Amino acid sequence: MAVAPVPTLDFSHPAKVVHRAVLPWIVRLRYGMILGEVALVLLVSVALNVRVPFFPPAFVVVLQLCTNYWLGRNRDRLSENAERAVGPLLLLDAVCLTLILAMTGGATNPFSLLYLVHITFSAVILHRAWTWALGVVSAISFGLLFWISKPVPAFQTHAATEVVSLHLLGMWVAFTTAALLISYFIGKVSQEAREKEQELLEMQKRLARNERLASLVTLSAGAAHEIATPLATIAVSAREIERGAGLLADRSLEDDARLIRSEVERCRLILERMGAQGGDPIGEAPSAVDLQELLRRTKERFPNHQTRIDVEVLASNSATCIIPARAAVEALGALVKNALDASPNGERVVLNAQLTNDGLRFVIRDHGTGMTREVIERVAEPFFTTKPPGQGMGLGAFLAHLFAQRLGGSLSFESVQGAGCTAILQLPIIHRVER
């Protein structure tokens, strides 16, 4: 049975979504700023009769046009990490605006507030370090305009003196204060927006993972339905072989037929358990269960490895707690199976349970080769396995993690290379009774 693939989105970094959406607007903004700078030069030179040199403004405009054309052509590729391109370009725009203002009135030019546009955009889409850098560069550039600018009489609102007037100093202080406030508050808002975006991306990842699990449940239900008929045929045939072997006094053949029937019965029980889980995908109703009984039921799932599993309840008295017992046995069984597979040469596996102040703690410890940090980071992913092909589907740790997550618990792993691995399943409990 084919399983339809679940559509996924490429969200390896939370800022990619913002960058991909905002980059086109940055290109348009820069074109608008370039047009405004050209209009400002024409206004001062034509309308206000002030002689403005041709080469410096032309160089600034051409430079900005070339960089903006490059940004527009490569915006899809740059969306992977837009900060490396957009941050320096906004710093370049601040310097270019300073050169334009220096030739059109300097600090007295009311269009000097255009600095704040770059700072605001930087605070919204870039890291706070870029925003602070742009704010500092803009403040210093604005201050330099007091000494390097060409005066425009129409913009002079104070008496000309040989020293910087209090009016200009006040404008500088006000501009710097505004830049710092915008950098701080917009930066905080942007940080919260990124955190919300990260939460949304995590939710989308969980949704995609649950959809994959739903596809797996559908696949397993179909497989169980298809396998039931041949298993019944095998059971009938094995019974007939066993009967015929008894008539022929062939003890070896009779034992083989009996073994086939026992394995078929085991497969039937597994299919029944799969059906029960598929009918209740969210989880069973919690019930009272003794911890010793819970661990015993988990151990019984491995009839061929009874002597390899050490079970222990770390409590002063026999303890009873209310949890989804069957689902807990399934989760513990998956982790114990992984531990058995990881322990070579028949080494023992430790399974213990402990009641703590904040819940129920299960520890499964093996004596295998351990796991690397990279494997630990991926071990709870669906269909991830380090076992040879045909020996596992990579779903045990994933299902145990999903069970813990649904109950508000957690599953973690501790490992040292060459010294085995420890799986820790922490579950909240609804109620507990100690006798």
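The values are calculated or read from the model by the stated rules, or taken from the named source; none is laboratory data. Keep in mind it's a predicted model, so treat the numbers as computed, not measured. Ideal geometry is used to build each Cβ from the backbone, glycine not excepted, and the neighbour counts take in all protein chains shown.
Descriptive notes on the structure:
- Test result for Ser138, more than 37 Å from the chain's Cα centre (by Cα) and in a helix (DSSP H, G or I): no
- Only one of the listed residues (Asp358, Asp366, Asp290) is surrounded by fewer than 21 Cβ atoms within 10 Å (Cβ to Cβ), of a type in the set (Asp, Glu) and closer than 23 Å to Leu402 by Cβ. That residue is Asp358.
- Within region 352-359, one or more residues are of a type outside the set (Asp, Glu) and under 16 Å from Ile309 (Cβ atoms).
- Enumeration of residues in region 137-154 that are modelled with pLDDT of 85 or more and of a type in the set (Ser, Thr, Tyr): Ser138, Ser141
Here's the yes/no breakdown for (1) closer than 19 Å to Leu407 by Cβ; (2) surrounded by 14 or more Cβ atoms within 10 Å (Cβ to Cβ):
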{"residue": "Val311", "(1), (2)": "no, yes"}
{"residue": "Arg326", "(1), (2)": "yes, yes"}
{"residue": "Pro344", "(1), (2)": "no, no"}
{"residue": "Asn352", "(1), (2)": "no, yes"}
{"residue": "Gly370", "(1), (2)": "no, yes"}
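- Residue in region 42-61 that is touching a Cys at 6+ places or on another chain (Cβ under 9 Å) and in contact (Cβ under 8 Å) with a residue 60 or more places away in the chain present: no
- The combined condition, being farther than 22 Å from Ile148 by Cα, without any contact (Cβ under 8 Å) to a residue 24 or more places away in the chain and either surrounded by 15 or more Cβ atoms within 10 Å (Cβ to Cβ) or under 32 Å from the mean Cα position of the chain (by Cα) (or both), is not fulfilled by Arg30.
- Counting only helices (runs of 4 or more DSSP H) that sit completely within region 48-108, those holding 1 or more residues that are under 25 Å from Phe175 (Cβ atoms) and of a type in the set (S, T, N, Q) correspond to 55-73, 83-102.
- Among the numbered conditions (1) modelled with pLDDT of 75 or more; (2) exposed (fewer than 12 other Cβ atoms within 10 Å of the Cβ); (3) among the hydrophobic types (A, V, I, L, M, F, W, C); (4) within 43 Å of the chain's Cα centre (by Cα), the only one that Leu201 does not meet is (2).
- Restricting attention to region 402-435 and to residues that are under 19 Å from the mean Cα position of the chain (by Cα) and either among the aliphatic types (A, V, I, L, M) or modelled with pLDDT under 85 (or both), the residue that is surrounded by the fewest Cβ atoms within 10 Å (Cβ to Cβ) turns out to be Gly408.
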